[in-house]
Structures are given as structure tokens and as C-alpha cells.
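Have a look at the structure below, then the notes.
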Amino acid sequence: MWYPIFLCTFASLATAIGGLIVILFKKISDKTMSMCQGFAGGVMLAVSFLDMIPHCYNNSIKYMEKSYAIAGIIGLFISGWVIGVLIEALVVPTQKDEKGQIYTAKKLIFITTAVIILHNLPEGVLTIFSGINNPRFGLSMALAIALHNLPEGIAVAAPVLYVTKSKSKAFFQSLFTGFAELFGGVLALGLFHSFISESFINGLLAIISGIMVQASICQLIPTGAKFARYKDVFIGVLFGVIVMCLGMFII
């Protein structure tokens, strides 16, 4: 039982390592901030379209027809998109007296942290239950998720460092976000073990992919462009997609 918890902890800590990468910078410039948000957006798009949705489809067609699987995934994806819009409306504070780059960065802190926490919760469930069912596959899953979590830590820590100039706050924000994965896995293991099924995890991943795509397209990429140029954002997006593709190829 300790082995899957160890795997989940290992994957969770990768987010904090991403935060450590950020605090190696003396400061976060507007251009760096722009590229970091593009990088985060590219990572989320790649994870959603090249990993999470194909994973949902491949598992769903094992127990339902392809047409039903596709319709179900699209419906859940759209539900996730709507949840992403609600997150922006409910989680992001409205401070009309505060304008400019600092307010934009604060907005990104709330959006990125909320989305990645929601993304990490089902990942924790997936890591732990993969480790229980198949230790070797669980290790591969933990390594893949750890690679996903590195850039997520960068996405969380960069705006915190930009706003607060505090390296410790940036690091602990990424650490806190990463441990949402361990929390989700342990909670599911202890309280909801009998309710967790492959179809439940598939549905959850489809919803989370919708949230991540909405956050990337509607928030991270366009908001990142406010710090510098769209060219810098799209360089970050391209780099994020390449990094995730290489990570998935290695695993």
C-alpha cells in the first residue's frame, strides 16, 4: 500500500521542482512572464489533446461503442470548459482600483493555481490506483505525471515571483499546488475506494481537459501577451508543446 503513495508523492514533488527552477531567476521580466504563460498554455494544450483525451477514448471504447465514447467525451469536455469559465468568474478577484501588469499577474496566480489544483486531484487518483493495479505501469504513470508537473510548477511560481518578488512564496505556492495531487490520491484511497472506477476516472479527466484548454486559450495565452508580444507567447507555447511531446515519447 505504501508503494502507490510513494509514487504519488514523487509525482507531486515534481511541481515544487518546477518552482525551484523559477526561483533561480534573479527576477521575472515582462518578456519572461509572457513566455512562461505561453509555455504553461502549450503544456496544458498538449497534455489535454495528446494525452488525457486519447487516454479517455482508448479506455472508453473498451466498454462502449465508439460513437457513444466520442459523444460522451465531447459532452464532458464542454462541461469542463463551462467550469473553467465559472472558475474565472468566481475565483478571480475583481479589484477595480488595481490596474496594469501587477493586476494581470495576480489574476494569473488565481487562475493557474485553481486550474492546476483541479487538474492534480484526479491525477493523484490515477497515480495511486495505477500503482495498486500494476506496479510497473504505476511507475511509468508516475514518471509521466512528474514530467507534466515540472512545467506546471513553473506556471504557478512565475506570476507569484513577479508580483511578490519573494522566492520563498513562489516555491511554497508550487509545493502547495503539487500536494493537491497527493491529497486527491490519498483521499480517494481512504474514503472513496469503492466508488473509483476506470469510467469515473475517464470522465474526470475529460472534464479536467476542458478546464485546461479553456484556461489556456482564454486566459494564459492572451493574458501572457499583455506582458510583452504575441511572438514571445507563441514561442513559449511551441516550447511547451515540444517539451510535453518529448516527455510523452520518452515515457
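Quick notes
- Unmet criterion (only one of (1) at pLDDT 70 or above; (2) assigned to a helix (DSSP H, G or I); (3) more than 22 Å from Gly153 (Cβ to Cβ)) for Tyr103: (1)
- Any chance Cys245 is touching a residue at least 40 places away in the same chain (Cβ under 8 Å), out of contact with any helix residue (DSSP H, G or I) (no Cβ under 7 Å at 6 or more places or on another chain) and assigned to a helix (DSSP H, G or I): no
- Candidates in the stretch 27-61 are the residues that are modelled with pLDDT under 85 and assigned to a loop (DSSP other than H, G, I, E, B); of these, the one that is nearest to Ala228 (Cα to Cα) is Ser29.
- Selection within the stretch 188-239: residues that are without any contact (Cβ under 8 Å) to a residue 12 or more places away in the chain and not aromatic (Phe, Trp, Tyr). The member of this set that is surrounded by the fewest Cβ atoms within 10 Å (Cβ to Cβ) is Ser194.
- Within the stretch 55-80, restricting attention to residues that are under 30 Å from Phe110 (Cβ atoms) and open to solvent by less than 80 Å² (accessible area, probe 1.4 Å), the residue that is farthest from the chain's Cα centre (by Cα) is Gly75.
The values are calculated or read from the model by the stated rules, or taken from the named source; none is laboratory data. Because the structure is a prediction, the values reported are computed rather than measured. Cβ sites come from the backbone with ideal geometry, for glycine too, and all protein chains shown count toward neighbours. The protein model used for the area step is the full one, side chains on, heavy atoms only, and it has no ligands, DNA or RNA in it. Shrake-Rupley method; radii C 1.70, N 1.55, O 1.52, S 1.80 Å.
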